[in-house]
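Enquirer: My structure is below; once you've seen it, I'll send some questions.
All of the numbers you see were taken from the coordinates with simple rules; none came from a lab. The model shown is predicted, which means the values in this text are computed figures rather than measured ones. Note that we place each Cβ from the backbone using ideal geometry, even for glycine, and neighbour counts take in every protein chain shown.
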Amino acid sequence: MKKTALALCLIPMAFLHAEPTAPAADAEATVLKQIQLLNQVPEGQLNDKVDPGYSILRSLYDQDGPDFLTLRRLLGKATVRSGLNPSARCVLAGVISQRWDTFTLSGNLFLSGLKSANPDLRDKARKKLVNFIQPAHIPVLIDLLKVPGPNVLAYDILQEVTGQHIDPIVKAWQAWWAKNGKTADLVGHLINDTRSQLANHTAHAFDQERFWYLPPGLDDAQIPYSRRPSAEQTKISDWNAWVNTDVKKYVEDWSADKPLLDRVIHQPDPRVNKFLETLLPDAGLGDYAGVVLGWRSSRDSLDALRAASQATPTVGRILARGSLGDKSALGDLLQIMERHQTSPLSYKIMDDDARVLLMTLRTVGMISAEQAFELLAHANFEFESAMTSKEKKKAYKKAKAWLKDNQARLTLDPRRGFYVVPAASN
């Protein structure tokens, strides 16, 4: 799990470009070995952020990411799953659940995780299972009401996903499910509850372009702060102060909104797409709604995305359009880049607090126009290494020339959400 991959895997996976590195012939045996190693870690020691679990997962990411096709295929086999303890199942669910098209398998693995001997993983399974809840899970959760430990978690989940507040008695829940199971609308309840709760939250919007570029008057990103004139130091200090006030406010708001949205975005129900479309005009949530629609491959949402992008042309909305096959998105990103063609990206002047905020913004789909362009083009134009105005303008011209030469013949890779240039025929 390379550091950059760890950061980027927080962005919906349709926008990642890494290719699996393991040869196809060896992939299954190699991935199966990592699954077995993970299963051998004592449950109380299993953690995806520290060794030995971290190193095993790093190997899985390097060998099978970002699509995890081999891992998904193996976990889909009952013979493989049956040999896994609940903790290993929960951790592996956390890997494959980054793909929205693993809904059923991820949910079943998280359901098993409720029985983990690791309290941290039980808590993770409780939080994640709501996001992947399925009608078939309800009888299992009701049965878990009899099991000390998982019973508390199961009861919390049952109440949240059904909206029912029945006493934690197995027979009472069984009676309700027998009467209402065929008509219970778990997704509808979660969408309505999410909409209601979001109505009480406002995600504070901020000037995204101001965030991504050096402040006016600065043309070199690599000069150390201590060696800059006092006027430039003031500009940088003021910029970081703005980030740690305005952008921080957005991140704080988003931290309250994201768990609500997480409950529905994995559900393979077209009503989720319609719900997300209603969020596209929202100043604070529109970028994320757009990127998730792209991640969900919701081509029927293109008209709504175009309207929202025209009204508020932010990078997240434009990126979503591009990932769904609207090639004009590349030109729109280029227009944003043109406004800042001599302004290097702001990474080098960020203080530590600003860098922490940056990581959250990436999970929301808020990235620079330059990064979005490179993601869609599946090419590197060296924007991040452009430290001076001259270097930035050179990178911009390179991207502009590439689009001019290739736009007419670009073909979308719908599974990965980026464009490819067809090989020239002989």
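Enquirer: Give me the net charge of residue 152's neighbourhood, meaning all other residues with Cβ under 14 Å from the Cβ of residue 152; Lys, Arg count +1, Asp, Glu -1.
Expert: Its environment carries a net charge of +1.
Enquirer: Also, quick follow-up: Where Lys and Arg each count +1 and Asp and Glu each count -1, what net charge lies around residue 163 among other residues with Cβ under 11 Å from its Cβ?
Expert: Neighbourhood net charge equals -3.
Enquirer: Enter the Cα centre distance for the pair the range 35-90 and the range 247-276, rounded to the nearest angstrom.
Expert: 27
Enquirer: Output wanted: per-residue J couplings in Hz (rounded whole) for the range 34-49, from phi through Karplus 6.51 cos²θ - 1.76 cosθ + 1.60, θ = phi - 60°, x for Gly and Pro.
Expert: Karplus-based 3J(HN,Hα) across the range 34-49 equals 5, 4, 5, 5, 4, 5, 7, 5, x, 4, x, 9, 7, 8, 7, 10 Hz.
Enquirer: Expressed as an acute angle from 0 to 90° and rounded to the nearest 10, what is the orientation of the C-alpha long axis of helix 389-406 relative to the principal long axis of the chain?
Expert: With both axes taken from Cα atoms, the answer is about 70 degrees.
Enquirer: Still on this structure, please answer the following. Along the range 109-114, what does the Karplus equation 6.51 cos²θ - 1.76 cosθ + 1.60 (θ = phi - 60°) give for ³J(HN,Hα), rounded to whole Hz, x for Gly and Pro?
Expert: After applying 6.51 cos²θ - 1.76 cosθ + 1.60, I find 5, 5, 4, 5, x, 5 Hz.
Enquirer: Given that just one value was derived from the coordinates, which of (i) 22.1, 73; (ii) 22.6, 82; (iii) 23.3, 75 is Rg and Dmax of the Cα atoms in Å?
Expert: Among (i) 22.1, 73; (ii) 22.6, 82; (iii) 23.3, 75, the one derived from this structure is (iii).
Enquirer: Next up: Would you grab the residues whose amide H sits under 5 Å from the one on residue 418? Only those 5+ places off in sequence or on another chain, please, with H modelled 1.01 Å from N.
Expert: Here the answer is 413, since their amide H atoms fall under 5 Å of that of residue 418.
Enquirer: Applying the Karplus parametrisation 6.51 cos²θ - 1.76 cosθ + 1.60 with θ = phi - 60° to the phi angles of the range 225-239, what ³J(HN,Hα) value in whole Hz is obtained for each residue in order, glycine and proline being reported as x?
Expert: Each residue's phi maps through the Karplus curve to give 4, 5, 9, 8, x, 4, 5, 6, 4, 5, 4, 5, 4, 5, 5 Hz.
Enquirer: Which of the pairs 274/327; 348/390; 348/393; 49/124; 235/348 have their Cα atoms more than 20 Å apart in this structure?
Expert: 274/327
Enquirer: Moving to a separate point now. Considering only the other residues whose Cβ falls under 12 Å of the Cβ of residue 120, what net charge follows from Lys and Arg at +1 and Asp and Glu at -1?
Expert: +2
Enquirer: Now for a different question. Please list 318-329, 206-217 highest first by mean number of surrounding beta-carbon atoms within 10 Å per residue.
Expert: Top of the packing list down: 318-329, 206-217.
Enquirer: Could you pull out every residue, at least 5 positions away or on a different chain, whose amide H is within less than 5 Å of the one on residue 213? Hs are placed 1.01 Å off N in the peptide plane, and Pro or chain starts have none.
Expert: Result for residue 213 returns 346.
Enquirer: Give the long-range amide H neighbours of residue 284: residues separated by 5 or more places, or on another chain, with amide H under 5 Å away, using H modelled in the peptide plane at 1.01 Å from N.
Expert: Here the answer is 203, since their amide H atoms fall under 5 Å of that of residue 284.
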